[in-house]
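The values are calculated or read from the model by the stated rules, or taken from the named source; none is laboratory data. The model shown is predicted, which means the values in this text are computed figures rather than measured ones. Backbone-built Cβ (ideal geometry, glycine too); neighbour counts: all protein chains shown.
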Amino acid sequence: MRINIRALLLMCGLAYCVGPSLRADVIEYLDKAEWELGAGDYTTIDFTGFADGTVITDQYADLGVLFGSDIAIHLSSFQDGAGLHGVYPTPIEIWFAEPVTAIATDFLGDLLIELYSGNDLVYTSSYFGYFSKFGGLVSSEPFDAAKILDPSDSAVVIDNLYFAPPIPGPSALALLGVAFVGIVGRRRG
């Protein structure tokens, strides 16, 4: 039996590009400039333009983001004067309309970030807060929800929230096109 190496490599490549991963690799960042390089194009939510105490739920739905109901705008000494303040011990819950691969925030206090795919917890960050007031994650696999929590004895307090969609990779259709050209070219030769 003769094995077509080209076809075998093509099938392995397709399985890698379109098949589900068993686990996501996540890189953690304490530096915003480094996170920006890993995340690519991202969206910023700065929580400005609301009165102190405004409960945030669907105000950012046009950006594809919904928040849990126990968080409110807090005006104080944030970078831009406004941030999000969770009610202790409730985490800040975030749902994305479309999966993302990167999330980050400026924060006060301490911080953990949990990433979810569906209802499944797929990653819990290290403890952020000792020497940094920025925490960010970039995942190899998309996630559609996150929880931000303060593992110490205070409420979750964040300033800006940043998130990024998946960076486009080679599509299965593009790979099939390349394979088709390779097969047709081989038959002609």
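General observations
- A single entry from Ile113, Ile148, Ile94, Ile71 fulfils the requirement of being in contact with a strand residue (DSSP E or B) (Cβ under 6 Å, 6 or more places away or on another chain), farther than 28 Å from Leu37 by Cβ, of a type in the set (A, V, I, L, M) and surrounded by 20 or more Cβ atoms within 10 Å (Cβ to Cβ): Ile71.
- Some residue of region 45-54 being within 16 Å of Thr105 (Cα to Cα), within 16 Å of the chain's Cα centre (by Cα), modelled with pLDDT of 70 or more and surrounded by 15 or more Cβ atoms within 10 Å (Cβ to Cβ): yes
- Flag for Ala155 being in a strand (DSSP E or B), in contact (Cβ under 8 Å) with a residue 12 or more places away in the chain and of a type in the set (A, V, I, L, M, F, W, C): no
- Screening region 129-145 for residues that are closer than 19 Å to Phe78 by Cα and in contact with a Phe, Trp or Tyr (Cβ under 7 Å, 6 or more places away or on another chain) and picking the one that is surrounded by the fewest Cβ atoms within 10 Å (Cβ to Cβ) gives Lys133.
- Flag if Pro166 is modelled with pLDDT of 95 or more, touching a Pro at 6+ places or on another chain (Cβ under 8 Å) and of a type outside the set (A, V, I, L, M): no
- Filtered residues of region 107-134 (kept if touching a residue at least 60 places away in the same chain (Cβ under 8 Å), in a strand (DSSP E or B) and in contact with a Gly (Cβ under 8 Å, 6 or more places away or on another chain)): Phe128
- Evaluation of Tyr123 against (1) aromatic (Phe, Trp, Tyr); (2) buried (at least 20 other Cβ atoms within 10 Å of the Cβ); (3) under 15 Å from the mean Cα position of the chain (by Cα) (one fails), failing number: (2)
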